[in-house]
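The block underneath contains the structure these notes are about, expressed in structure tokens.
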């Protein structure tokens, strides 16, 4: 139990350090609102697509696929998304908060924290399962995020129209990068090493730049006066993992696969949700607060979840 707590702290503490530096740099004038805006656009349009592309072209989608895990996770995630987007989000009065709430509640930081948790719990043998899960669910997460942020944009006169949503997905840099990566991997095409190395340099910029920009946009009053923040944190760390993991137990998932399912969906809100919100005109201040709050609170909730699953000998 103590080891799990220490591990969680070593994963989340660096994230909070960078968020904190973003706040400090903004206060002392090293980062401006314009820098945060431009940096978020750079992450959304360049560095994050490079990260996804490099990961996906190295993934083998043709062998040893954890079909049951991935299919269930996809169905469960879409079901939870529909509950959040269609039933819960309309209860929020501010339109620009609705899509941010939905994205913050279901979208996990799988590539950084979720994958690290899986490696700590199960060792290097879990890499293949976790990578395939990550590739598929990253695609689903980004599509659903674009859907909810587009649907709830306050500047869209007719948010129910399907065409703007489809165009938003088609032009989204993340979706384009994911599609290219998956197609190249399935076709077995060889990507030049120099291209992968260049993309890798951009990919390594993603997390620190996204977190610095998120930190620079955090407003402390969001933690005190924003009900959507508290609802998003509760949904992300309690409602979503409980529903998805509980369903996984009912269909017979156990051991490594159940552990991957829980750790991936219980990870705090993805840092990538901030630049996407910023780029698509959502309430990016709320998005930044959700990232910070879920990262802090996940220390307690993830450790408790691991303890319960191990106590009942499910993982």
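Odds and ends about this structure:
- Were the residues from residue 61 through residue 243 laid out at 0.36 nm apart, the gain over their Cα-Cα distance would be 62.8 nm.
- Per-pair calculated FRET efficiency, R0 = 41 Å: residue 91 and residue 193 via Cβ, rounded to 0.05: 0.20
- Distance between the 7 Å Cα→Cβ label points at residue 24 and residue 38: 2.4 nm.
- Once C-alpha pairs closer than 8 Å and six or more residues apart are averaged by separation and normalised to the residue number of segment 2-311, the relative contact order reads 36 percent.
- The chain: projected area of the alpha-carbon convex hull, averaged over directions, in nm²: 16.0
- Here each label is just a point 7 Å from Cα along the line to Cβ, and for residue 180 and residue 167 those points are 2.3 nm apart.
- Cβ-derived FRET efficiency at R0 22 Å, residue 127 paired with residue 310, nearest 0.05: 0.55
- With Cα atoms defining each centre, segment 44-108 and segment 118-146 are spaced 11 Å apart in the structure.
FYI, it's all coordinate maths here, none of it is from the lab. Computed from a predicted model, the values in this text were never measured in an experiment. Methodologically, a virtual Cβ is constructed for each residue, glycine included, from the backbone with ideal geometry; neighbour enumeration extends over all protein chains shown.
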